[in-house]
1. Could you tell me whether any residue of the range 52-60 is open to solvent by less than 30 Å² (accessible area, probe 1.4 Å) and either of a type in the set (S, T, N, Q) or farther than 19 Å from ASP29 by Cα (or both)?
2. Could you look through the range 96-153, keep only residues that are among the acidic types (Asp, Glu) and out of contact with any Lys or Arg (no Cβ under 6 Å at 6 or more places or on another chain), and pick out the one that is nearest to LEU64 (Cα to Cα)?
3. Hey, among GLY125, GLY144, GLY103, which residue is among the small types (Gly, Ala, Ser) and modelled with pLDDT of 95 or more?
4. Only residues that are among the small types (Gly, Ala, Ser), open to solvent by 40 Å² or more (accessible area, probe 1.4 Å) and under 16 Å from ILE40 (Cα atoms): list them for the range 118-160, please.
5. Return the residues of the range 132-160 that are closer than 17 Å to LYS39 by Cβ and hydrophobic (A, V, I, L, M, F, W, C); say none if nothing qualifies.
6. May I ask you to list the residues in the range 70-110 that are open to solvent by less than 60 Å² (accessible area, probe 1.4 Å), in a strand (DSSP E or B), out of contact with any helix residue (DSSP H, G or I) (no Cβ under 6 Å at 6 or more places or on another chain) and not acidic (Asp, Glu)?
Amino acid sequence: MTSSDTDSPAAPASTSSPTTNAPMYKLTDVVTEGGFKLKINSIQLPWNPPAGSQFTPAPTRAWLLMDFQVTNVGGQPSMFDTIGAFDLRDNTNASHLTSVVSGDTLPAAKKFEDQEVAPGATVGGEVVFDVPVNGAPFRLIYSGNMWHASQTPPVISLSK
């Protein structure tokens, strides 16, 4: 499945991921896990903060901006927490969580704030990851609500 708005899980792009036995999905797939359906709208790497920002990436680092939306597919309100939901991995399998410092450079209207999501509701925004300049290809281990995630959460290749 690609970026269509259906509730069924996406078909994996390949049979397994390099980090787990979970299926590997494409960037354009809509993936359901831990009570939430995830659609990645876009990835921007490198992403540079607006002019005049007090924060910038370190010389050996880059910022990866991810614009996404999630839909609560469960029957009860559920918390969506980006640090629990997103584990970005680089080519050495090092883990990178969402970055508070670089995220503070996002416009308030775009910055995703962790929140409780009503059943059937869709919320979205942007998060930033601080990653090594030479860390590509990147992949996202997606848990949705970590308290409801499977033992082998899906992995999404962030390569186009």
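The values are calculated or read from the model by the stated rules, or taken from the named source; none is laboratory data. Keep in mind it's a predicted model, so treat the numbers as computed, not measured. Note that we place each Cβ from the backbone using ideal geometry, even for glycine, and neighbour counts take in every protein chain shown. Calculation scope for accessible area: heavy atoms of the full protein, side chains included, ligands and nucleic acids excluded. Shrake-Rupley method; radii C 1.70, N 1.55, O 1.52, S 1.80 Å.
1. no
2. So the first thing to find is which residues in the range 96-153 are among the acidic types (Asp, Glu), and the list is 104, 113-114, 116, 126, 130.
From the residues that got through so far, the ones that are out of contact with any Lys or Arg (no Cβ under 6 Å at 6 or more places or on another chain) too are 104, 113-114, 116.
Details: ASP104: 14, GLU113: 17, ASP114: 19, GLU116: 25 Å.
So, considering only residues that are among the acidic types (Asp, Glu) and out of contact with any Lys or Arg (no Cβ under 6 Å at 6 or more places or on another chain), the one nearest to LEU64 (Cα to Cα) is ASP104.
3. Details: GLY144 fails: modelled with pLDDT of 95 or more; GLY103 fails: modelled with pLDDT of 95 or more.
None of the other options fit; the residue is GLY125.
4. First pass over the range 118-160, keeping only residues among the small types (Gly, Ala, Ser): 118, 120-121, 124-125, 135-136, 143-144, 149-150, 157, 159.
When the remaining residues are screened for being open to solvent by 40 Å² or more (accessible area, probe 1.4 Å), the result is 118, 120, 124, 136, 150, 159.
Scanning the range 118-160 gives GLY124, SER159.
5. LEU140, ILE141, VAL155, ILE156, LEU158, listed by residue number.
6. Of everything in the range 70-110, those that are open to solvent by less than 60 Å² (accessible area, probe 1.4 Å), in a strand (DSSP E or B), out of contact with any helix residue (DSSP H, G or I) (no Cβ under 6 Å at 6 or more places or on another chain) and not acidic (Asp, Glu) turn out to be VAL70, THR71, ASN72, SER78, PHE80, PHE86, LEU88, ARG89, HIS96.
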